[in-house]
Amino acid sequence: MAFEDWIRQGHPILFGVLIVLSFIELSISAFLAAKFNRHHNYFSIDERDRTSFLLFTSIWTIVLSGLYMTFFFVFPDSVFNSVGSHICFLLVTWIFWTSGAAAITAALGGGLNCSNTVIVYCGQLNALEAFAWIIWITVTFAIIVAAARGIIAARRGDGLKGPLVV
């Protein structure tokens, strides 16, 4: 199977997984942000703010990944289906997830032991951190694939303006 066939089949799968994982992260972070804003029972302001940033990042990922997946099927010759466009989107998304995952990890001290802690929503905070890192891994994989596709497009003479799939 050619690399382009892998891209043609893998793009919707990868972006679908990214959307599903981001929706889970959205659910957890929205729950925590709502509870923190209503009851003011966060451990620190850092914890509250970083949870809200992950809420933003998950919304960003869901909306733009959905658009990129739609453009992949509906407008295959669109500028949004270029290798460069995918690399730019994935790079910004990777920066957001790196920042968010590292920030929540730092706020939680690397994770919480829920058996002997007084921190409210301990399990949800651990899940928030775990899914942030899982999404980061997924976006990192997507960047590697897009970069490999960019190298192939550059060797073919299309450059980064070339389509993701020919």
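Size descriptors for region 79-130: radius of gyration and Dmax over Cα atoms are 16.2, 53 Å. Peptides 142-148, 104-110, 57-63 ranked from most to least packed give 57-63, 142-148, 104-110, packing being the mean of other C-beta atoms within 10 angstrom over each peptide's residues. Fully extending the segment from Q9 to S52, taken as 0.36 nm per residue of separation minus the present Cα-Cα distance, adds 12.1 nm. Taking 7 Å steps out from each Cα toward its Cβ at F141 and V63 produces label points 2.7 nm apart.
Considering all C-alpha pairs of region 1-91, those separated by over 19 Å amount to 50%. Packing, taken as the mean count of other beta carbons within 10 Å per residue, orders the peptides 119-125, 50-56, 8-14 from highest to lowest as 50-56, 119-125, 8-14. Modelled this way, with points 7 Å down the Cα-to-C-beta line, the labels at I134 and V74 are 2.9 nm from one another. A simple count of charges around I104, restricted to other residues whose Cβ falls under 12 Å of its Cβ and scoring Lys, Arg +1 and Asp, Glu -1, yields -3. Working note: Debye formula, equal point scatterers on the alpha-carbon atoms of the chain, no solvent; log10 I(q)/I(0) at q = 0.15, 0.18, 0.19 Å⁻¹ is -0.78, -0.99, -1.07. Relative to the longest principal axis of the Cα atoms of the chain, helix 3-39 runs at roughly 20 degrees.
Computed over the chain, the per-residue total of -39500 (n - 2.57) for DSSP H runs of n ≥ 4 gives a 222 nm mean residue ellipticity of -28000 deg cm²/dmol, rounded to 500.
If you take all other residues with their beta carbon under 12 Å from the beta carbon of E4, and give Lys and Arg +1 and Asp and Glu -1, the sum is +2.
All of the numbers you see were taken from the coordinates with simple rules; none came from a lab. The model shown is predicted, which means the values in this text are computed figures rather than measured ones. Neighbour counts are summed over all protein chains in view; Cβ atoms, including those assigned to glycine, are modelled from backbone coordinates with ideal geometry.
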